[in-house]
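Engineer: Here's a structure for you.
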Amino acid sequence: MEVRVNATRMELLRQKKRLAMAQRGHRLLKQKRDELMHRFMELVEQRRGLRERVEEALVLGFRSFLVARAEMSKEVLYEALMTGGDMADRAGAPLLAVRMDSVMNVQVPRFALQDSREPYAYGLATTSAELDRALTTFSEVLPELIKLAEIEKAMELLAEEIEKTRRRVNALEQILIPQLEQTIKFIYMALDEMERSSRAQLLRIKEIIRGA
């Protein structure tokens, strides 16, 4: 690679400062990448057990719901599902609160369920016990389902930041820092060459003076 800089001591000092800043940035970015990876792996561990519990509960809930659908008429089933909760509550405050937290300067969402309504508010005379069981299961698993969504979204955002940080580390490590080191080496060599040339000229001048 061709180096195009002025071979002066001022330029050498400037390039040394740039190299020191690049090395410091490289070190800090590596620390950030490693900490992000640590946080990411913690979320992976949280997600593993939580996802298993959620999937098991959803399977049980859907199984009960399918039995209820087989035992009840379509009209009764739809009427029971549509009467769950007051419509005014549905139009009021949001049932899911969202706030943002900073994790290594990455904004990740935090979800909080604010729905305290009963899972069913219909008459029990014409409905199946399997429907009650299904809705109870769904109601109980909902907080964990929301927590799972929170964790997986945080994992997605952290993964994006890890990739960005990794690219920056590689750019510093493989491109910028070697370029700066090569530039500094070039300036040193040029300054040494100029110094040797100046000494040779001084020697010639001395010889000329002595001869005269």
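Engineer: Is there any pair linking a residue in the stretch 112-137 that is over 16 Å from LEU95 (Cβ atoms) and modelled with pLDDT under 85 to one that is hydrophobic (A, V, I, L, M, F, W, C) and part of a loop (DSSP other than H, G, I, E, B), with Cβ under 6 Å and at least six apart or on different chains, and which?
Structural biologist: Within 6 Å, the pairs are SER128/MET72.
Engineer: Let me ask something additional. Against the conditions (1) among the basic types (Lys, Arg); (2) under 28 Å from the mean Cα position of the chain (by Cα); (3) outside any helix (DSSP H, G or I), where does ARG24 fall short? Just the number, please.
Structural biologist: Unmet for ARG24, out of (1) among the basic types (Lys, Arg); (2) under 28 Å from the mean Cα position of the chain (by Cα); (3) outside any helix (DSSP H, G or I): (3).
Engineer: Give me the residue from the stretch 43-82 that is aromatic (Phe, Trp, Tyr) and exposed (fewer than 14 other Cβ atoms within 10 Å of the Cβ) and, out of that set, farthest from ALA154 (Cα to Cα).
Structural biologist: For the stretch 43-82, the residue satisfying everything is TYR78.
Engineer: Restricting the search to the stretch 159-212, which residues are free of Cβ contacts under 8 Å to residues at least 24 places away in the same chain, within 30 Å of ASN105 (Cα to Cα) and among the basic types (Lys, Arg)?
Structural biologist: Answer for the stretch 159-212, where residues must be free of Cβ contacts under 8 Å to residues at least 24 places away in the same chain, within 30 Å of ASN105 (Cα to Cα) and among the basic types (Lys, Arg): LYS164, ARG167.
Engineer: Those residues that are within 58 Å of the chain's Cα centre (by Cα) and among the charged types (D, E, K, R), I need them from the stretch 191-212; list them, please.
Structural biologist: ASP192, GLU193, GLU195, ARG196 - these are the residues of the stretch 191-212 that are within 58 Å of the chain's Cα centre (by Cα) and among the charged types (D, E, K, R).
The values are calculated or read from the model by the stated rules, or taken from the named source; none is laboratory data. Keep in mind it's a predicted model, so treat the numbers as computed, not measured. Here the Cβ is made from the backbone with ideal geometry for all residues, glycine too, and neighbour counts use every protein chain on show.
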